[in-house]
Amino acid sequence: MKQYDVVIIGGGPAGYSAALYNVRNARSVLVIEQLSAGGQMATTGNVENYPGFDEGVDGFDLAEKMQNQAERFGAETLYETVTEVKLDVHPKEIITTDGTVYAKTVVIATGAHPRELGVGKESQFRGHGVAYCATCDGMMFKDKDVVIVGGGNSAIADALFLDKICHKVTLIHRRDELRASRIYQQQLEKSNIEFIWNSQVTEIIGDKHLTGVNVQNLKTNEISELTTDGLFVAIGRVPDTELVKGQVELDKRGYIIADETTHTNIDGVFAIGDVRTKALRQIATAVSDGATCSFYIEEYLLNKERF
């Protein structure tokens, strides 16, 4: 297969931002994406905090625009699964289900996936009452009762979305106050969302479909059953770094250690977006990472070419 100046693993906002900036540096660029452009962004019905869209923008549409823009300048996209990478060799090797791709530099932009509760029947009932994306699966629960677990921005955004279409929304949080931004908490004042504080879901109840959950009060240890039609889990994300374990240095939570230069511990390998260590994981910061890494990639390639 062809050798590229830059191969980007992951076609989310970080990946296509990196593709755009690198290809405009007159570099050959390949984005390898397993499913479709956008990553988690593509599952968001209305993105309201990305600059330039005063009425918000559909996440899938935004992803498609990012991909089209990068490809207009010459970036290529390969829809395949990456099964293995060899990063500490020259050229670097990216093994996919379709063969091996070679690269002078590699950008890891694999993102993160929803964290599971870790209780019995969770996997069994995924798609049968258990969900992780309100905008993706919310309409399945129109006019029904749902429970959301979490206390951060994602949990509150999901709760507010579901409050518009569901009969009843109950949010369960391990603490007695939310971690969400103030703007989200202000919106809660106008909602009908109910709260169960200092509690956690310990069991999922149902036969072929979820019918309820057991909820434990963390102060009294009392367990009560809550009848519900759906359970939405919004307790954070897990970085998708399985592919690079043992090669790229990770922190204790599994994120790739890469500072604001996006450099990793391996020469010519960069990490951007939700997969790297950073204070804030948003579409805007992912796009920023993509632009930033292109500067350091160009510096790296020029040095290699010079010597």
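Quick notes on this structure:
- The Cα atoms of segment 197-245 cover 42, 32, 13 Å along the three principal axes, with the biggest extent listed first.
- In the chain, helices alone account for a calculated mean residue ellipticity at 222 nm of -7000 deg cm²/dmol, with every DSSP H run of four or more residues adding -39,500 (n - 2.57).
- Residues with amide H under 5 Å from that of His113, placed H, sequence gap 5 or more: Val238, Asp240
- Residue-wise HN-Hα couplings along segment 103-114, as the Karplus relation 6.51 cos²θ - 1.76 cosθ + 1.60 with θ = phi - 60° gives them from phi, are 8, 6, 9, 10, 10, 8, 9, 7, x, 8, 10, x Hz; Gly and Pro carry x.
- Spacing of the two label points (7 Å from each Cα toward its C-beta) at Asp251 and Thr83, in nm: 3.3 nm
- Cysteines, the chain, no other Cys beta-carbon under 4.7 Å: Cys166, Cys293
- Rounded to the nearest 20 debye, dipole of the chain from Cβ charges on Lys, Arg, Asp, Glu: 340 debye
- The phi-based Karplus calculation (6.51 cos²θ - 1.76 cosθ + 1.60; θ = phi - 60°) puts the 3J(HN,Hα) values of segment 166-172 at 9, 5, 8, 10, 10, 9, 10 Hz, whole numbers, x for Gly and Pro.
- Amide H contacts under 5 Å for Thr211: Ile205, Gly206, restricted to partners 5 or more places along the chain or on a different chain, H placed in the peptide plane at 1.01 Å from N.
- Take the Cβ atoms of Val238 and Glu305, set R0 to 35 Å, and the FRET efficiency comes out at 0.40.
- Projecting the Cα atoms of Gly152, Asn25, Thr264 onto the charge dipole of the chain (Cβ charges, centred on the Cα centre) puts Thr264 farthest toward the positive pole.
- Packing-based order for 229-239, 174-184, 193-203, using average beta carbon neighbours within 10 Å, highest first: 229-239, 193-203, 174-184
- Positive-end ranking of Val119, Gly273, Gly99 along the dipole of the chain, with charges on Cβ about the Cα centre, is headed by Gly273.
- The angle between the Cα long axis of helix 153-163 and the longest principal axis of the Cα atoms of the chain comes to about 50 degrees, rounded to the nearest 10.
- Backbone HN-Hα couplings from phi across segment 250-264 [Karplus 6.51/-1.76/1.60, Hz, Gly and Pro as x]: 10, 8, 5, 8, x, 7, 6, 6, 8, 7, 5, 7, 6, 5, 9
- Taking every DSSP bridge with both residues inside segment 116-233, close to 45 percent are antiparallel.
- P(r) weight above 20 Å for segment 141-263, C-alpha pairs, percent: 53 percent
- Amide proton proximity set for Cys166, modelled H, under 5 Å, gap of 5+: Asp143
- Neighbour net charge for Asn49 - beta-carbon separation under 13 angstrom, K R +1, D E -1: -2
- Each of Asn221, Asn198, Gln186 was scored by the projection of its Cα onto the charge dipole of segment 116-233, and the greatest displacement toward the positive side belongs to Gln186; charges sit on the C-beta of Lys, Arg, Asp and Glu.
- Ellipsoid fit via the Cα gyration tensor, the chain: semi-axes of 39, 20, 17 Å, each the root of five times an eigenvalue, largest first.
- For the residue pairs Lys168/Lys208; Lys121/Lys142; Lys245/Lys278; Lys92/Lys278; Lys86/Lys252; Lys142/Lys252, the alpha carbons lie more than 28 Å apart in Lys142/Lys252.
Readers should treat all values here as calculations from the given coordinates under stated rules, not as data from a laboratory. Here the structure is a predicted model, which is why all the values come from computation and not from measurement. Don't worry about glycine lacking a Cβ; one is built from the backbone with ideal geometry, like all the others, and counts go over all protein chains shown.
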